[in-house]
């Protein structure tokens, strides 16, 4: 198999065809890019503004973007023989091309079956600094019973619209909720990475933000954000819970169940038929809650995480 070649100088029509195929795959995972993403990305790849690689014959495409010392990449292969081998070749090319100031990277995959994704990530996992992060896509239908009486908020707390809370407060809570777990890998390093990710949610870059089905919970004495749920729209009939956070000191007191029930009620009133969310396999506490309220697994995906071995201590690794 020939080595991947750089996308700089490649015909934009070829790049757009591959990116359209990738977009269809992402749409099936509730992660479709918005706007003129295909055209803009093809232009960046063709001009060399975004690092990218093509397999000869259009068998696959890989590229990445940077946020400081972090890289976020994607590997996509089209239908055909040996998809796992093609994906691994592209991923290896990306990893070996990182400049020295890239200290960590997340790679996603598409065009592979779930088993092929895991196998490819596992083979890459022999590299020092590797972490394989399996994720589950779960879904729950909304029914008339979800539109009943409002759930009861635990005593002494106050519910407010998410927009009434500062971005810094949301980022701080989210960072504390997931610090030291593989979930922390998914939004970037440290508090600033979390802040950037939540800003993207609120700004609608992950789908239209549904304010009516998003909520923050405050402990008024002293004033402190202790929980929140953030919701976006995937289609006019389906919503996504993109973030559910509960202060670690307030867990197992019904806050998570309250927020989920509250979101169900709001979404039913708004006319949505179902709700989805992504959860890492390692997050057993969250999975227990979602199982209890009726979510069912409908898909999966694998993130390959790489940290430069000299980059210092890292969160819990699950290989």
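General observations
- Conditions (1) farther than 21 Å from residue 25 by Cα; (2) out of contact with any helix residue (DSSP H, G or I) (no Cβ under 8 Å at 6 or more places or on another chain); (3) without any contact (Cβ under 8 Å) to a residue 40 or more places away in the chain: number failed by residue 167: (2)
- For residue 80, the criteria (1) outside any loop (DSSP other than H, G, I, E, B); (2) free of Cβ contacts under 8 Å to residues at least 24 places away in the same chain hold in every case but one, which is (1).
- Criterion: assigned to a helix (DSSP H, G or I), closer than 26 Å to residue 8 by Cβ and out of contact with any strand residue (DSSP E or B) (no Cβ under 7 Å at 6 or more places or on another chain) - qualifying residue of 116, 85: 85
- Hits in the stretch 144-174 - residues which are closer than 25 Å to residue 295 by Cβ and surrounded by 13 or more Cβ atoms within 10 Å (Cβ to Cβ): 146, 147, 151, 153, 154, 157, 159, 162, 170, 173, 174
- Qualifying residue in the stretch 210-224 (condition: farther than 30 Å from residue 155 by Cβ and either outside the structural domain of residue 33 (by TED's automatic domain parsing) or touching a strand residue (DSSP E or B) at 6+ places or on another chain (Cβ under 6 Å) (or both)): no
- Of all the criteria given as (1) crowded, with 17+ Cβ neighbours inside 10 Å; (2) at pLDDT 95 or above, the one not satisfied by residue 307 is (2).
- Within the stretch 49-60, residues that are in contact (Cβ under 8 Å) with a residue 40 or more places away in the chain sit with their Cβ atoms under 6 Å from residues that are surrounded by 21 or more Cβ atoms within 10 Å (Cβ to Cβ) and assigned to a loop (DSSP other than H, G, I, E, B), at 6+ positions apart or across chains, in these pairs: 52/7; 53/4; 54/7; 55/4.
- Restricting the stretch 20-47 to residues that are buried (at least 16 other Cβ atoms within 10 Å of the Cβ) and modelled with pLDDT of 95 or more, the residue that is nearest to residue 232 (Cα to Cα): 41
- Among the residues of the stretch 202-212, at least one is more than 26 Å from residue 300 (Cα to Cα) and more than 16 Å from the chain's Cα centre (by Cα).
- Exclusive hit being within 23 Å of residue 27 (Cα to Cα) and surrounded by fewer than 22 Cβ atoms within 10 Å (Cβ to Cβ), set 193, 204, 254: 204
- Residue among 287, 265 that is more than 19 Å from residue 178 (Cα to Cα) and either surrounded by fewer than 21 Cβ atoms within 10 Å (Cβ to Cβ) or touching a helix residue (DSSP H, G or I) at 6+ places or on another chain (Cβ under 7 Å) (or both): 265
- Checklist (1) outside the structural domain of residue 228 (by TED's automatic domain parsing); (2) in contact with a strand residue (DSSP E or B) (Cβ under 6 Å, 6 or more places away or on another chain); (3) at negative phi applied to residue 129, failing item: (3)
The values are calculated or read from the model by the stated rules, or taken from the named source; none is laboratory data. Fair warning: this is a prediction, and the values are worked out from it, not measured in the lab. When we count neighbours, we look across all protein chains shown, and the Cβ atoms used for this are built from the backbone with ideal geometry, even at glycine.
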